[in-house]
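A short worksheet on the structure shown next.
The values are calculated or read from the model by the stated rules, or taken from the named source; none is laboratory data. The structure presented is a predicted model; accordingly, all values stated were derived computationally and were not measured. Reconstructed Cβ throughout: ideal geometry from the backbone, glycine too, with neighbour counts over all protein chains shown.
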Amino acid sequence: MKKSYIAMTLAVILAVIMALPLGCGESGELTKVRLNEVTHSVFYAPLYVAMEMGFFTEEGIELEYSTGQGADKVMTALLSGQADIAFAGPEATIYVYNEGQDDYAVNFAQLTQCDGSFLVAREPDPDFTWEKVRGKSIIGGRPGGIPLMTLEYVLKNKGLMPGEDVEVLTHIQFALMAGAFTGGEGDYVTLFEPVAATLEKEGSGFVVASIGQESGRVPYTVFSARKSYMEKNPDIIQSFTNAIYRAQLWVQEHSPEEIAEVIAPSFPEVELDILTAVAARYKEIDAWAHSPVFTEESFARLQDIMELAGELEQRAPYEKLVTNAFAEEAIQTIQSGS
């Protein structure tokens, strides 16, 4: 009788323990999600806020990320199964779709809403005008990539034709652009942060213009996943989007100083004053999207830029390459507090 009572008691205790909420899903285990990011930049601060503030963990995700150094490399990692989610310019998903891929990548959450690069000169120039690049050379990025296309879009809007009025250098790999510039190549270079601010502190380069301010609203960087992965793992995509939206709200509500302190562990080699200055610079140009929603209007504008650059032979359908279902659910869930 005593043994039976003890066994019954233990069974009740075990049942109570099993019924307790564990905070990381029903099993209490985190789901590993492999993310490949196009580059490591303060431009993507909301992503690192989501990581450092524990938003992914709270949504049941163990995030494992790597850096592709180029949207083409990111998409290769996604399509080859080396990554579950890609973080890059949505132009890469358009190329993949137009190539006839059956299991193409679908964009499900937008993070940035303008170009995050800055035009860097060799000397300070507080009176800079775009006319000053006439007859000069600019290290501009990889052909077919959104950074180069946006730069060319700005130049053309300023009455400067690439290849005629200004030389745009496209032979240098994305990760090597700053080194090539400090090594003496080019009169100007377009750089992301914190690289541009680091050059300023070293005295080897000086920001003279924001490409994003000149180009206007563009869906610059978004999260995407293969159609098959999204169909098999809608809960993971939803949890991921929830974490991103929480981070987007957080950066809107906090100061550059607070943002810098939170993301500092993601940039151990960058001094806090630089991180703060960069966060302020991106806040000033309203670089971060206020929600994960990817609008049809911005998708159309992206394709306008691609056509103008001569990189798009056929426009891709918005309804095939973009879903806002997860973004809208994240907004509804988080704003309702559920």
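Considering each residue of region 83-129, count those that are more than 18 Å from the chain's Cα centre (by Cα), part of a loop (DSSP other than H, G, I, E, B) and not hydrophobic (A, V, I, L, M, F, W, C), and give that number.
The total comes to 13.
Please count how many residues of region 172-226 are within 25 Å of Lys283 (Cβ to Cβ), aliphatic (A, V, I, L, M) and assigned to a helix (DSSP H, G or I).
Number of matching residues: 7.
Residues checked against (1) under 16 Å from Gly310 (Cα atoms); (2) of a type in the set (A, V, I, L, M):
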site	(1), (2)
Ala121	no, yes
Asp127	no, no
Val154	yes, yes
Glu167	no, no
Ala175	no, yes
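So, of the residues in region 121-161 that are among the acidic types (Asp, Glu) and surrounded by fewer than 14 Cβ atoms within 10 Å (Cβ to Cβ), which turns out to be nearest to Leu302 (Cα to Cα)?
For region 121-161, the residue satisfying everything is Glu131.
Scan Ala264, Ala260, Ala277 and give me the residue that is out of contact with any strand residue (DSSP E or B) (no Cβ under 9 Å at 6 or more places or on another chain) and farther than 25 Å from Leu63 by Cα.
Selected residue: Ala277, the only one of Ala264, Ala260, Ala277 that is out of contact with any strand residue (DSSP E or B) (no Cβ under 9 Å at 6 or more places or on another chain) and farther than 25 Å from Leu63 by Cα.
Would you confirm, using the coordinates I've provided, whether Ala316 is outside the structural domain of Thr170 (by TED's automatic domain parsing), part of a loop (DSSP other than H, G, I, E, B) and buried (at least 21 other Cβ atoms within 10 Å of the Cβ)?
Taking the combined requirement at face value, the residue satisfies it.
So is Glu164 of a type in the set (Asp, Glu) and surrounded by fewer than 24 Cβ atoms within 10 Å (Cβ to Cβ) or not?
It is true that Glu164 is of a type in the set (Asp, Glu) and surrounded by fewer than 24 Cβ atoms within 10 Å (Cβ to Cβ).
Return the residues of region 319-338 that are of a type in the set (A, V, I, L, M, F, W, C) and surrounded by fewer than 20 Cβ atoms within 10 Å (Cβ to Cβ); say none if nothing qualifies.
Matches in region 319-338: Ala325, Ile331, Ile334.
Pairs, please: C-beta under 9 Å, at least 6 apart or cross-chain, first residue closer than 10 Å to Val42 by Cβ and in region 255-272, second of a type outside the set (D, E, K, R) and loosely packed, with under 14 Cβ neighbours inside 10 Å?
Ala260/Leu272
Please give the number of the condition Asn98 fails out of (1) in the same structural domain as Arg301 (by TED's automatic domain parsing); (2) crowded, with 22+ Cβ neighbours inside 10 Å.
Status for Asn98: all satisfied but (2).
Which of (1) out of contact with any Phe, Trp or Tyr (no Cβ under 6 Å at 6 or more places or on another chain); (2) in a helix (DSSP H, G or I); (3) surrounded by 21 or more Cβ atoms within 10 Å (Cβ to Cβ) is the odd one out, the single condition Ala300 does not satisfy?
(3)
Provide a single number: the residues in region 130-149 that are free of Cβ contacts under 8 Å to residues at least 60 places away in the same chain and either in the same structural domain as Gly70 (by TED's automatic domain parsing) or assigned to a loop (DSSP other than H, G, I, E, B) (or both).
Of the residues in region 130-149, 5 are free of Cβ contacts under 8 Å to residues at least 60 places away in the same chain and either in the same structural domain as Gly70 (by TED's automatic domain parsing) or assigned to a loop (DSSP other than H, G, I, E, B) (or both).
Residues checked against (1) assigned to a helix (DSSP H, G or I); (2) surrounded by fewer than 17 Cβ atoms within 10 Å (Cβ to Cβ); (3) of a type in the set (Gly, Ala, Ser); (4) not assigned by TED's automatic domain parsing to the domain that holds Glu37:
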residue: Ser228; (1), (2), (3), (4): yes, yes, yes, no
residue: Ser239; (1), (2), (3), (4): yes, no, yes, no
residue: Arg246; (1), (2), (3), (4): yes, no, no, no
residue: Val251; (1), (2), (3), (4): yes, no, no, no
residue: Val270; (1), (2), (3), (4): no, no, no, no
